[in-house]
Amino acid sequence: MTEQKAVQSLNLPPKTKWPDAAPLEGEELIVSISCGNSHLHWATHYGDSEDYNPQIFWRTPHLKESDMEDEDLLAILSRNLPDDPHDHIFGKSVDATLANATSQSQKRTAPLISVYVVSTNQTQESLLAKIWNTIPSRFFVMTGEDFFKKEEGRYDTMGTDRLATLTGAVHLHGHPALVFDGGTATTYSATDAHGQILGGGIGPGIASKFRSLTKDTDALPDITTEEVIARVNEAQEKGKPLPTFARNTREAMMADAFQEFALKGRNVIEHWLGKSYANNEEHNIPPTQKFNSDKRVICTGGDGDILMQLLQPHYGGVIEHMETNNHNGGGGSGSRNGALARRYIVESSKHLIHYGIACVLAAQVGLRKSKDAFRKNPNEEHVGKRVAKHFEVEADDGDNIYRGKVTEVV
């Protein structure tokens, strides 16, 4: 069955609608799932007292519809869970049965497990919803609107995964934010100092580039992910970077791909720095907004560690660089060795999407609490305040503005 037909045969799970989708009061464990192009990336989150920050991360293969037909759905859910969330849902050292899940749910302050999914794969969304619906749970697929509003620069076709990673970077370090995400595709996304999305770019990932060369030519070999990682490790551990003028085909393919990512990444960073920091914007930022004063650039995704190394001074030792007389590690954009570490910091963060989800959950719960507090004690904040309202119909004295004090909130 094709993926499109598989989607049509399944009921699509609900999207987030706030405040109803916000975590329940008293929830101690929440689950988030990112549906990547080749794997599912899972996390559990703490509750309200820890601002819903991620706790445990793990990765599993995609779910298969054929498994849904041949295997018990509870068993599928069970084998995709580590011990801690498994025990929280079913009980410690017991089988994954509906009776055990129901019994365990009745012992919790919040009986239902809330599950939040970021995905661009509707088939995986539907299959995940199917296995989670076998236990007491609430299942939501998050939308781009959850992370950035239209007025913040979000455009309709921008993937929810990119918006979530960008929110995760902002949550950790503030605006401006720049994220490189290395996976099947390599993307970059950025915000400016005021939280507006600048935009980004999309291109083939490292493995995709090698696959396309192998597919579209007769003579070029297949280079595996394991081979790439082994060569990067050799370059760093033994001081043997990939040469610019490689002397064998495999190294020639890797050298070209890595140089392209390294030089393109530096160009993107230079543009981001120019657009976001040139006018000393930090002085115009509200004190409540976190500012990325360290100019941190975040690399994430399966190839995030490699991308991070390529953006380091001297390309992290992965590819050959030209030595210059300037050894202070802070050259400008024209520096041949690409050593721009003084101007920005590059770091790897594998789980940005889950931090982005945590940021949204904490914000939505905060809004709900504010509204609840207002409904309980509306008079404390507003009664006695001076107000004015403009009316189209003039009063007898010709004044269109009526002034007074709030006496009651209804």
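The values are calculated or read from the model by the stated rules, or taken from the named source; none is laboratory data. Quick caveat: nothing in here was measured; it's all calculated off a predicted structure. Glycine gets a Cβ as well: all are built from the backbone with ideal geometry, and neighbour counts include every protein chain shown. Just so you know, the surface numbers come from the protein's heavy atoms only, side chains and all, with ligands and any DNA or RNA stripped out. Shrake-Rupley method; radii C 1.70, N 1.55, O 1.52, S 1.80 Å.
State which residue is surrounded by the most Cβ atoms within 10 Å (Cβ to Cβ) when the search covers only region 147-160 and only residues that are part of a helix (DSSP H, G or I), out of contact with any Lys or Arg (no Cβ under 9 Å at 6 or more places or on another chain) and touching a residue at least 12 places away in the same chain (Cβ under 8 Å).
Step one: filter region 147-160 for residues part of a helix (DSSP H, G or I), giving 147, 150-152, 160.
So of that shortlist, the ones also out of contact with any Lys or Arg (no Cβ under 9 Å at 6 or more places or on another chain) come out as 150-152, 160.
With touching a residue at least 12 places away in the same chain (Cβ under 8 Å) added as a condition, the list becomes 152, 160.
Details: GLU152: 13, THR160: 24.
So the residue we want is THR160.
Can you name every residue in region 98-133 that is under 19 Å from LEU40 (Cα atoms) and polar (S, T, N, Q)?
SER114, SER119, THR120, ASN121, GLN122, THR123, GLN124, SER126, ASN133
Specify which of the listed residues (LEU24, LEU74) is touching a residue at least 24 places away in the same chain (Cβ under 8 Å) and within 30 Å of HIS171 (Cβ to Cβ).
That would be LEU24, the only listed residue that is touching a residue at least 24 places away in the same chain (Cβ under 8 Å) and within 30 Å of HIS171 (Cβ to Cβ).
Report those strands (runs of 3 or more DSSP E) wholly inside region 32-146 carrying at least 1 residues which are of a type in the set (Lys, Arg) and either in contact with a strand residue (DSSP E or B) (Cβ under 8 Å, 6 or more places away or on another chain) or at negative phi (or both).
54-61, 137-141
Tell me, please, whether a residue that is open to solvent by less than 60 Å² (accessible area, probe 1.4 Å), in contact (Cβ under 8 Å) with a residue 40 or more places away in the chain, touching a Cys at 6+ places or on another chain (Cβ under 9 Å) and closer than 19 Å to ALA164 by Cβ can be found in region 97-116.
No; the residues of region 97-116 include none that is open to solvent by less than 60 Å² (accessible area, probe 1.4 Å), in contact (Cβ under 8 Å) with a residue 40 or more places away in the chain, touching a Cys at 6+ places or on another chain (Cβ under 9 Å) and closer than 19 Å to ALA164 by Cβ.
Working carefully through the options ILE56, ILE30, find the one that is more than 15 Å from the chain's Cα centre (by Cα), open to solvent by 20 Å² or more (accessible area, probe 1.4 Å), closer than 23 Å to PHE90 by Cα and at pLDDT 95 or above.
Going through ILE56, ILE30 in turn, the sole match is ILE56.
Sort out which residues of region 199-229 are surrounded by fewer than 17 Cβ atoms within 10 Å (Cβ to Cβ) and hydrophobic (A, V, I, L, M, F, W, C), and write them in order of number.
Within region 199-229, ILE202, ALA219, LEU220, ILE229 meet the criteria.
Residues checked against (1) in contact (Cβ under 8 Å) with a residue 24 or more places away in the chain; (2) closer than 23 Å to LEU352 by Cβ:
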{"residue": "ALA190", "(1), (2)": "yes, yes"}
{"residue": "GLY205", "(1), (2)": "yes, yes"}
{"residue": "GLU226", "(1), (2)": "no, no"}
{"residue": "GLN259", "(1), (2)": "yes, no"}
{"residue": "LYS275", "(1), (2)": "yes, yes"}
{"residue": "ILE285", "(1), (2)": "yes, yes"}
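Just to check your reading of the model, which residue among GLY182, GLY153, GLY174 is within 30 Å of VAL232 (Cα to Cα) and of a type outside the set (Val, Ile, Thr)?
None of the others qualify; the one that does is GLY182.
If you check ALA185 against the conditions, is it in contact with a strand residue (DSSP E or B) (Cβ under 6 Å, 6 or more places away or on another chain) and surrounded by 21 or more Cβ atoms within 10 Å (Cβ to Cβ)?
When the stated conditions are applied, ALA185 does not pass them.
Which residues, taken from region 230-249, are in contact (Cβ under 8 Å) with a residue 24 or more places away in the chain and either more than 24 Å from GLY36 (Cβ to Cβ) or open to solvent by 30 Å² or more (accessible area, probe 1.4 Å) (or both)?
Passing the criteria: ALA235, GLN236, GLY239, PRO241, LEU242, PRO243, THR244, THR249.
Tally time: how many residues in region 263-277 are at pLDDT below 95, of a type in the set (Gly, Ala, Ser) and surrounded by 14 or more Cβ atoms within 10 Å (Cβ to Cβ)?
1
For region 83-96, enumerate the residues that are open to solvent by less than 40 Å² (accessible area, probe 1.4 Å) and touching a residue at least 12 places away in the same chain (Cβ under 8 Å).
Hits for region 83-96 are PRO85, HIS88, ILE89, PHE90, GLY91, ALA96.
Need the failing condition index for SER212 against (1) touching a helix residue (DSSP H, G or I) at 6+ places or on another chain (Cβ under 8 Å); (2) under 26 Å from HIS39 (Cβ atoms); (3) not aliphatic (A, V, I, L, M), just the number.
Just one mismatch for SER212, condition (1).
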